[in-house]
Amino acid sequence: MNSPLFAVYGASGYGREVMPLAREQLRRQGVAPERLMFVDDAAVGSTVNGQRVLSYADFVAEPASARHVVLAIANSPVREHLAARCAADGVRAWTVVAGNVVVMDAVEIGDGAVLSPFVTITSNIRIGRHFHANLYSYVAHDCVIGDFVTFAPGVKCNGNIIIEDHAYIGTGAVIKQGKPGQPLVIGRGAVVGMGAVVTKSVPAGATVVGNPARVMEKAV
Ligand code: UDP
């Protein structure tokens, strides 16, 4: 059939949360529900919550005028790997946004994002590719967020914060606002533990936990 196909890549925990948002978004756009499916490299041939699961190879082989995929896998290096594979095959990065998300003024969001229910992105914000903002997270004014960044539920990202590529922010973490020209920076690949209260910049690759958040030394 010469019409576009849509898929949620990943049929596990997060994928099952993203699928209903994707279905609703397509319903609003008048796309037939059978044009939407899961792609998963493990659960192939089955159905999950009533939705077909295809292998990536089968998805690419299905007749379609275009293919759109949202990567619903929390692990960001896996997302990056799959994004490169999709791009090489002409599969487009698809953004899925829950119906009640609030996005204010002068916001740029890269392709392939997932904005879950109750997310708010306020004003003058730049966000890179394949961002995940899970339930009830917010991003406040003048933040700059890199590629493949992941927010677990309930992240409070206040104003003037820079979050570099592949950072992971755990459930309920609070990040203190920076100042204009003096942002608080969460470095590339850093992990902020659940419930952490981050009051100063976090080095690339570090894991911070607690209140106030401190770097967790790696076990030897
Ligand atoms: N997966 C995949 N291809 C990959 C890596 C992962 O299809 O290259 C699928 C994997 O089979 C699993 C899902 O993605 O079904 C990831 O699920 P997981 O529970 O690890 O993560 P979450 O859903 O919590 O992000």
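See the values below:
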{"read-out": "Failed condition for Q29, given (1) away from the ligand (no atom under 14 Å from the Cβ); (2) over 28 Å from A190 (Cα atoms); (3) touching a strand residue (DSSP E or B) at 6+ places or on another chain (Cβ under 8 Å); (4) not charged (D, E, K, R)", "value": "(3)"}
{"read-out": "Qualifying residue in the stretch 89-101 (condition: in contact (Cβ under 8 Å) with a residue 60 or more places away in the chain, surrounded by 13 or more Cβ atoms within 10 Å (Cβ to Cβ) and in a loop (DSSP other than H, G, I, E, B))", "value": "yes"}
{"read-out": "Qualifying residue in the stretch 104-112 (condition: touching a residue at least 24 places away in the same chain (Cβ under 8 Å) and either over 14 Å from F131 (Cα atoms) or not β-branched (V, I, T) (or both))", "value": "yes"}
{"read-out": "Unique residue being at negative phi, aliphatic (A, V, I, L, M) and in contact with a Cys (Cβ under 7 Å, 6 or more places away or on another chain) when the list is V107, V69", "value": "V69"}
{"read-out": "Count - residues of the stretch 111-129 that are part of a loop (DSSP other than H, G, I, E, B) and more than 23 Å from S65 (Cα to Cα)", "value": "9"}
{"read-out": "Given (1) within 16 Å of the ligand (Cβ to nearest atom); (2) not assigned by TED's automatic domain parsing to the domain that holds H141, number of the condition G112 does not satisfy", "value": "(2)"}
{"read-out": "Options G172, G159; residue that is over 14 Å from the mean Cα position of the chain (by Cα), in a loop (DSSP other than H, G, I, E, B) and surrounded by fewer than 19 Cβ atoms within 10 Å (Cβ to Cβ)", "value": "G172"}
{"read-out": "Residues being part of a helix (DSSP H, G or I) and closer than 23 Å to H130 by Cβ - total across the stretch 26-57", "value": "6"}
{"read-out": "Some residue of the stretch 65-84 being more than 12 Å from the ligand (Cβ to nearest atom), surrounded by fewer than 21 Cβ atoms within 10 Å (Cβ to Cβ), outside the structural domain of L115 (by TED's automatic domain parsing) and assigned to a loop (DSSP other than H, G, I, E, B)", "value": "yes"}
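The values are calculated or read from the model by the stated rules, or taken from the named source; none is laboratory data. Keep in mind it's a predicted model, so treat the numbers as computed, not measured. Reconstructed Cβ throughout: ideal geometry from the backbone, glycine too, with neighbour counts over all protein chains shown.
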